[in-house]
Amino acid sequence: MSVSKRSLALACFVAVALTPALARAAPSLPLGHAGRWITDATGRVVIVHGTNIVYKVAPYYPAAAGFDNADAAFLASIGFNAVRVGVIWKALEPQPGVYDERYLAQIMRTVSTLARHGVLTVLDFHQDMYNERFQGEGAPDWAVRDGGLPNPQLGFPGNYTGNPALQHALDQFFSNAAGPGGVGLQDRFAAAWAHVAARFRASRAVLGYELLNEPFPGTLWPQCVNPAGCPAFDAELAAFYHRVDVALRAADRRTLIWYEPNVLFNDGANTTLGALGDPRAGFAFHDYCLSEPQTHSPSGCDTSDNLVFANALAHVGQTGEALMMSEFGSTTDVAYLDDMLARADREMVPWLEWAYCACHSPTDTGQPGIVVDPAKPPRGANLVLPTLHALVEPFPQVIAGTPLAWGFDRGSRTFTFRYSSARAGGHGRFGRAAVTTIATPVLVYGGRYAVRVSGGAILSRRGASLLAIGACPRARSIAVTVTASGRSRGSCRLGARAGRRRGSR
């Protein structure tokens with residue numbers, strides 16, 4: 001790492017990572033869930049805001065793009081607490097049954113680097129258009145069965161709907177067609193996931209395993225372009241997820257598993273998938289506006305975006321699984337990003353934006369990310385400032401109770417948050433020893449803000465980038481308001497010992 005990047009990392013670390021509130025109130029790992037809510041080991045609800053770093057060209061790991069300690073420190077400094085890291089099957093298993101341990105070690109280094117700054121990782125088996133043969137990335141060359149059909153080069157996402165060879169290859173994968181050695185393609189994929197899980201099961205900083213990015217229905221896709229979804233493909237997808245889940249759980253029984261609906265869900269089609277059948281499962285959805293990526297308009301996307309959120313919330317309402325939006329954005333349209341964040345806040349949905357950088361991606365839409373080049377320090381002209389300012393906001397990171405509502409008014413820089421001291425799992429309440437933390441990024445408040453708390457006390461130092469709140473004795477609900485100026489006050493005083501424990505009484 002260069003001297004300039006090392007200096008920046010140190011500055012971010014001093015400013016953010018070692019505040020007393022953060023040291024005593026970080027999530028207790030490993031993570032689980034209570035219904036739709038991600039929870040830490042003490043039962044507190046964990047909300048994540050973050051980004052994606054997926055390096056889609058050889059050698060397929062983030063460090064090759066320049067992502068390092070300075071980038072992780074920068075993410076922590078803006079209040080991001082999770083990153084979705086792409087694992088490319090082609091790099092992991094270059095030959096059938098042969099795994100590249102050096103590649104996996106590189107992924108592990110990135111996970112460890114993020115963890116040093118309190119940033120969690122979602123490991124994502126990422127694919128777009130299946131393989132480089134179709135101008136995409138993901139599957140190994142040996143896993144491509146295209147039937148010798150025409151392979152027009154229509155780019156992303158045009159190949160999905162107009163390339164017969166790609167559609168055939170996807171059909172073969174989702175039917176578990178035999179590959180090398182007569183072994184099913186899905187069986188190889190599931191074994192690869194089990195290999196990854198065996199390597200990462202001791203890493204408590206892993207928020208979960210996301211089984212497959214944006215599964216596309218192959219030749220069945222026309223059936224899926226309707227609000228009701230497509231039961232025929234979803235049945236194949238459900239069988240695939242079950243196969244992978246069984247293999248992965250043989251290696252790791254603890255870490256959360258995230259599964260996605262078919263990719264048409266992103267644009268408003270519903271899913272007919274049922275529950276995964278795994279008690280530690282979550283539903284990861286994506287939301288993209290149907291208009292052109294650089295001409296997003298809130299008025300043009302409200303209908304489809306509201307439908308995507310409604311479908312996702314209804315799904316986990318039926319399955320009892322956790323919920324996270326693991327992709328949205330891919331645009332520099334600030335008005336659209338503002339609208340999406342306001343919607344996610346209203347629905348209290350954790351999110352990971354696309355993406356940290358474009359990083360030579362063959363399947364992106366021309367958006368530059370929030371950092372132009374991770375090989376350079378994340379500052380000055382290397383930052384996409386309009387996008388960055390649209391994405392950084394106050395939000396509750398760890399909640400000793402159950403969230404009721406939160407929101408941020410960008411014009412006045414006013415953040416409001418209400419939560420109950422009742423446990424999200426429905427059994428008992430948190431006591432005053434349990435700490436709630438709220439990200440109050442320097443990029444928003446410049447280290448100066450005022451806090452008013454009803455039903456709680458302020459535990460963190462003045463201007464801290466992570467605000468810590470403790471509930472007053474016998475408080476059943478707590479309300480927090482953060483403003484850019486004014487006087488801070490709480491409803492009670494708690495002793496020094498109150499903030500040092502993370503559990504409940």
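Structure data summary
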quantity	calculated
Area projected by the alpha carbon convex hull of the range 149-269, averaged over all directions, nm²	8.6 nm²
P(r) weight above 28 Å for the range 365-505, C-alpha pairs, percent	27 percent
Calculated [θ] (222 nm, deg cm²/dmol) that DSSP helices of n ≥ 4 give over the chain, each run adding -39,500 (n - 2.57)	-8500 deg cm²/dmol
Relative contact order for the chain, counting Cα pairs under 8 Å that sit 6 or more residues apart, in percent	16 percent
Test item: Cα-centred dipole of the chain, Lys/Arg +1 and Asp/Glu -1 on Cβ, debye	3800 debye
Assigned charges on the beta-carbon of Lys, Arg, Asp, Glu; the range 176-335 dipole about Cα centre (debye)	940 debye
Residue-normalised accessible area of the chain, given per residue in Å² at a 1.4 Å probe	36 Å²
Rg in Å to one decimal, and Dmax rounded to a whole Å, for the range 336-410 via C-alpha atoms	14.7, 43
Square roots of 5 times each gyration tensor eigenvalue, C-alpha, the range 91-133, largest first, Å	24, 15, 7
Cα Rg, Dmax (largest Cα-Cα span) when computed across the range 213-276, Å	12.6, 38
Estimated dipole of the range 346-505 in Debye, rounded to 20 [Cβ of Lys and Arg +1, of Asp and Glu -1, Cα centre]	1380 debye
Rough spin-label spacing in nm, given labels placed 7 Å along Cα→Cβ, for T219 and R102	4.1 nm
Mean shadow area of the range 220-379, taken as a quarter of the surface of its Cα convex hull (nm²)	11.0 nm²
Debye-sum result for the chain in log10 I(q)/I(0), which assumes one identical scatterer on each alpha carbon, at q = 0.06, 0.12, 0.13 Å⁻¹	-0.26, -1.08, -1.27
Accessible-area composition of the chain, carbon plus sulfur, in percent [1.4 Å probe]	54 percent
For T414, residues with placed amide H under 5 Å, excluding near neighbours	D409
Percentage relative contact order, the range 351-429, counting C-alpha pairs under 8 Å, at least six apart	18 percent
Antiparallel bridges, percent of DSSP beta bridges restricted to the chain (to nearest 5)	55 percent
The range 30-148: mean projected area of Cα convex hull, nm²	9.2 nm²
Percentage relative contact order, the range 63-187, counting C-alpha pairs under 8 Å, at least six apart	20 percent
Axial C-alpha extent at least 30 Å, average Kyte-Doolittle at least -0.5 - helices from the chain (DSSP)	298-319
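The values are calculated or read from the model by the stated rules, or taken from the named source; none is laboratory data. All values derive from a computational prediction rather than experimental measurement. We place every Cβ from the backbone using ideal geometry, glycine too, and count neighbours over all the protein chains shown. The protein model used for the area step is the full one, side chains on, heavy atoms only, and it has no ligands, DNA or RNA in it. Shrake-Rupley method; radii C 1.70, N 1.55, O 1.52, S 1.80 Å.
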